[in-house]
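All of the numbers you see were taken from the coordinates with simple rules; none came from a lab. Since we're looking at a predicted model, the values are computed, not measured.
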Amino acid sequence: MILPPIQEIKKRRVALGISQKKLASSVGASQSLVAKIESNRVNPSYDVVKKIFEFLDRMEQPKTGIARDIEKKDLVWVRRNEKVREAAEKMRQLGFSQLPVRDERGEDVCIGSVSERQIIQGILREESDPKSFYEKPVSEIMQEQFPVVDEGLPVTAVALLLQHSQAVLTARKGKIVGIITPSDLLSMNAGSTGNLTQRKKVEQSRKQTEIENSSTI
C-alpha cells in the first residue's frame, strides 16, 4: 500500500482541528514522535505512518450521529379528549406541525397523532360548517401513533422512518423523552457545515501537496 507524503500529516491534522496529543494517543504513539514526524526530524516506521493516515481518513468521514443528537427534548402532548381547536392552538403558538396524542390520564404513552395537514383536510371536508370541526375531540380525527425508537438509533435509520411518518418519538430505557421531525434532519445538515468546511480544507491541502510534488519531479 502506497501512503501519501508524510508532509500531508500536519496539514490534514490541523484542518481537522486535532491536536498532536490526540493524534498520538489514537495511533498508540508518543506526542514527541508525532512532532518529530511532522517536522521531518525522524524517519518513522511504515506501520506508524500507516496508522496515522488510517486515523486521519476515518476522522474525515462524515458523521451522521444518533437520534439523541438531533431530538427535541421539549416534547408537547395533546390529550385525546381535548378539542381540535386546542390542539390547533398549541401548534400555532409553539410552531409545531404535528403533536403526539396521549390518553386522559396524562401518561407519556403515545396512542395517536394529529397534524396541521389533518386539521386542514378536516376543515375542507366540513364545507357546510367548518367551525364545528374545531369542536370535535382529538380522538375522532387522530391518526396512528408515531414510531418510537431508542435514542441510540443511527440518524440514517430515523430518516428511513420519516419517509413514512411525520415524526419519530425517542425513548430512553423505555420512556419517551423526545421527538424528531423532518425539520430536525435539515437542521442537522445545516449544523454540519463546519465539518464540510474542514473536509474541503483537507481536500485543498491534498491538491496543494500533489502540485508541490509534481513541480519537484
In sequence order, what are the phi-derived ³J(HN,Hα) couplings for the range 133-145 according to the Karplus relation 6.51 cos²θ - 1.76 cosθ + 1.60 with θ = phi - 60°, rounded to whole Hz, with x for glycine and proline?
4, 5, 8, 6, x, 4, 4, 7, 10, 5, 9, 5, 5
Chain lengthening between residue 127 and residue 92 when straightened (0.36 nm per residue, less Cα-Cα):
10.4 nm
Subset of 90/175; 21/175; 83/175; 21/50; 90/131 violating a 29 Å alpha-carbon distance limit:
21/175
Across 5 Å bins from 0, what is the distribution of all Cα-Cα pair distances for the range 37-95, in whole percents?
4, 12, 12, 10, 8, 7, 7, 6, 6, 5, 6, 6, 5, 4, 2
What do you get when you divide the Cα radius of gyration of the range 19-173 by 2.2 N^0.38 Å, with N the number of residues?
1.74
Karplus-derived 3J(HN,Hα), 6.51/-1.76/1.60, for each residue of the range 111-121, Hz, glycine and proline x:
10, x, 8, 9, 9, 4, 4, 4, 5, 4, 5
Mind checking Rg over Rh on the range 1-61, alpha carbons, Kirkwood formula for Rh?
0.90
List every residue whose amide H lies under 5 Å from the amide H of residue 170, counting only residues 5 or more places away in sequence or on a different chain, with H placed 1.01 Å from N in the peptide plane.
149, 177, 178, 179, 180
